[in-house]
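The values are calculated or read from the model by the stated rules, or taken from the named source; none is laboratory data. This is a predicted model, so every value here is computed, not measured. So basically every Cβ, Gly included, is an ideal-geometry build from the backbone, and we count neighbours across all protein chains shown. For the accessible areas, the whole protein counts, side chains as well, though only heavy atoms, and no ligand, DNA or RNA atoms are used. Shrake-Rupley method; radii C 1.70, N 1.55, O 1.52, S 1.80 Å.
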Amino acid sequence: SLESYYNVAQKKYGLVQLMHRFANSHLPDIFVVNMAAATKQKMVNGLFSNFLIEKIGEALDKKEQVILFQNRRGYAVRMICNTCESMPTCKYCDVTLTYHKKTNLLKCHYCGYAIEVPKECPTCHSTDIEMKGFGTEKVEDTLGAIFPQAVISRMDLDTTRSKNGYQQIITDFEQHKTDILVGTQMVTKGLDFDRVSVVGILNADALISFPDFRAFERAFQLLAQVSGRAGRKEVPGKVVVQTYQPRHPALLYVETNDFGAMYQSQIAERKEFHYPPVYRLIKISLKHVDENVVAQAASALAIPLRAAFSSNLMGPESPLVSRIQNYYIKDFWLKLSKDGSLSARKAALVEIIDAFRRDSNYKSVRIVINVDP
C-alpha cells in the first residue's frame, strides 16, 4: 500500500524486498486487449475478446488451468426498462438490485433485500425489460456455452456461503478437477496453483474508474495480485486484461511491474490534493432514518466545524450511496496536515462532536468517525 511505502520513505518502516519469484519462475506475459477496437473489428464473442478465448482454448488443450477475474457477483448488474428507463431499486438502500440467475432473484448487495424478477416494469408496466452488465454468474454461464467440455467453477460470496464451500472449490481446483475458476476478489490473493497458465481480467475499467482517491492504487494492487496467480511453477503464464482504456497509467504500471513509478505518480497526486498518507483524512458520517433530520443535523454540525477548520473542511454531502439499511447519510471530510498542530486540531474536533452529541435535538442521530478511510 502507499501508506506502508510512505512509512518506508519516512524511515518509520524497514524495507525487505523479494527480488525473485519462488523456484525462479518468470513473471507472466501481460496482454492488454482494447475492447473498443476489438468490438469495432467484430473480434468479440459476448463478454470475451477472441484473443482471450484463443488463449483459454490453448490452455485447455494442454490440460492447463485458467482463472478469470470479474469483480462483481451476480448475473447482470441491473434490470432496466427500455420504455421508461427505470430500474428496480432496493427498498432500504439507494442502489439498484443485481440479478442472480440461479435463484431468479433481484438482490441488494448492501443489505440482502431480494425480490422475484418482475415480468413487467413496476413503474410503467411495459414488458420491454432487459438485463444490463455482467457479474461472475453470467461469466460462468457464457463460458459454458463456448467451452462445453470444460469443468467451470465459480468462487464468490454466493458460492462460498456454506461451511465448506470455499475449501471445496479450492480443493477441486488444486486436484485439477476444475479447468476454469471464475471469481471476484477471492481469486486474486494467496492462491498457489502450479497448472494455471492463463489469467483473464474481464473488466479492468470498473476498477480504474471507481470514484475514490484510492481507486488507482487498488486497481494496481488487484491487477498485480491476480496476475501473480499465473505461471507460478514451470508452466509459463499469460495475463489477458480486457479494457476500454488500454493506455491508462495503472495498466501500464502493471504491465511493467513498476511499483516504484506507480508510487511516485500517486504520492505526488496525494500531496497536491491533500490526501493520505501525506495528510490525515477524517470522515464524519451522520446517519438517521429521517432524511430531514439528518439534513438539519448536518447543517447544525457544519457551523462549529467551519468555524474551527474553514478551508480544510468539505461537506456536508450525500455519499455515492446516500441511504443504506434505511439510514440516510451525510458526510463531512476533514483534511489535516501532519504537523505540530495535529493533536490540538484533533482535540478541537472531539470537543465539537461531544457538544453536538449533548444537543437534545440530535440525540437520535448516529455519528461515525473514520480516520484515513
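Most fluctuating residue of ALA76, ALA206, ALA355 in a GNM of the chain with Cα springs under 10 Å: which is it?
It is ALA355.
At 0.890 mPa s and 25 °C, plugging the Kirkwood radius over alpha-carbon pairs of the range 145-272 into Stokes-Einstein gives what diffusion coefficient in µm²/s?
Translational diffusion coefficient: 152 µm²/s.
Using Cα pairs under 8 angstrom and six or more residues apart, how large is the relative contact order of the chain, in percent?
It rounds to 19 percent for the chain.
Can you pull out the GluC sites (Glu not before Pro) in the range 72-170 whose DSSP state is coil and whose Cβ has at most 11 other Cβ atoms within 10 Å?
Working: sites: GLU85, GLU116, GLU120, GLU130, GLU137, GLU140; in loops: GLU85, GLU120.
Sites meeting the loop and neighbour criteria: GLU85.
How far, in nm, would the chain grow between PHE213 and GLU58 when pulled straight, counting 0.36 nm per residue and subtracting the alpha carbon separation?
Length difference between fully extended and current span is 51.9 nm.
Over 21 Å between C-alpha atoms is what I'm after, so list which of LYS42/LYS101; LYS91/LYS138; LYS138/LYS163; LYS12/LYS338; LYS91/LYS119; LYS189/LYS338 land there.
The answer is LYS42/LYS101; LYS91/LYS138; LYS138/LYS163; LYS189/LYS338.
Can you send over the carbon and sulfur percentage of the accessible area for the range 145-231, probe radius 1.4 Å, protein chains only?
Summing carbon and sulfur atoms, their accessible area is 49 percent of the total for the range 145-231.
Only sites in a loop by DSSP and with at most 13 other Cβ atoms within 10 Å count here; which trypsin sites (Lys or Arg not before Pro) in the range 175-204 make the cut?
Those satisfying the criteria are LYS177, LYS189.
Quick check on the chain: helices-only [θ] at 222 nm, where DSSP H runs of length 4 and up contribute -39,500 (n - 2.57) each and the sum goes over total residues. Nearest 500, please.
-10000 deg cm²/dmol
Would you kindly calculate the translational diffusion coefficient of the range 17-159, applying Stokes-Einstein with the Kirkwood radius from alpha carbon pairs, for 20 °C and a viscosity of 1.002 mPa s, and quote it in µm² s⁻¹ without decimals?
The calculation lands on 120 µm²/s.
Explain nothing, just the number: relative contact order of the range 212-322, from Cα pairs under 8 Å at least 6 residues apart, as a whole percent. Walk me through the numbers before you get to the answer.
Working: 41 pairs, mean separation 17.0, N = 111.
That works out to 15 percent.
Check every DSSP H run in the chain and write down those whose alpha carbon atoms cover 18 angstrom or more along the long axis and whose mean Kyte-Doolittle hydropathy is 0.0 or greater.
Span-like helices, by this rule, are 291-309, 342-358.
Please check: in the Gaussian network model of the chain (C-alpha springs, under 10 Å), which one of VAL187, VAL293, VAL196 has the largest mean-square fluctuation.
Result: VAL293 has the largest fluctuation of those listed.
Students often get this wrong, so try it: which of [x] 37; [y] 27; [z] 20 is percent of Cα pairs over 36 Å apart as calculated from the structure shown?
Only one listed value fits the structure, namely [x].
Setting aside same-chain residues fewer than 8 positions from LYS363, which aspartates and glutamates have a Cα under 18 Å from its Cα?
Result set, ordered by chain and number: ASP290, GLU291, ASP331, GLU351, ASP354.
Taking amide H positions as placed 1.01 Å from N in the peptide plane, with prolines and chain starts having none, which residues 5 or more places from ASN45, or on another chain, fall under 5 Å of its amide H?
ASN50
Of all trypsin sites (Lys or Arg not before Pro) in the range 81-134, which ones are in loop regions per DSSP and have a Cβ with at most 13 other Cβ atoms within 10 Å?
The qualifying sites are LYS91, LYS102, LYS119.
For the range 110-244, with the dipole built from +1 on Lys and Arg beta-carbon atoms and -1 on Asp and Glu ones, taken about the Cα centre, which of ALA114, VAL226, ILE146 lies farthest toward the positive end?
VAL226
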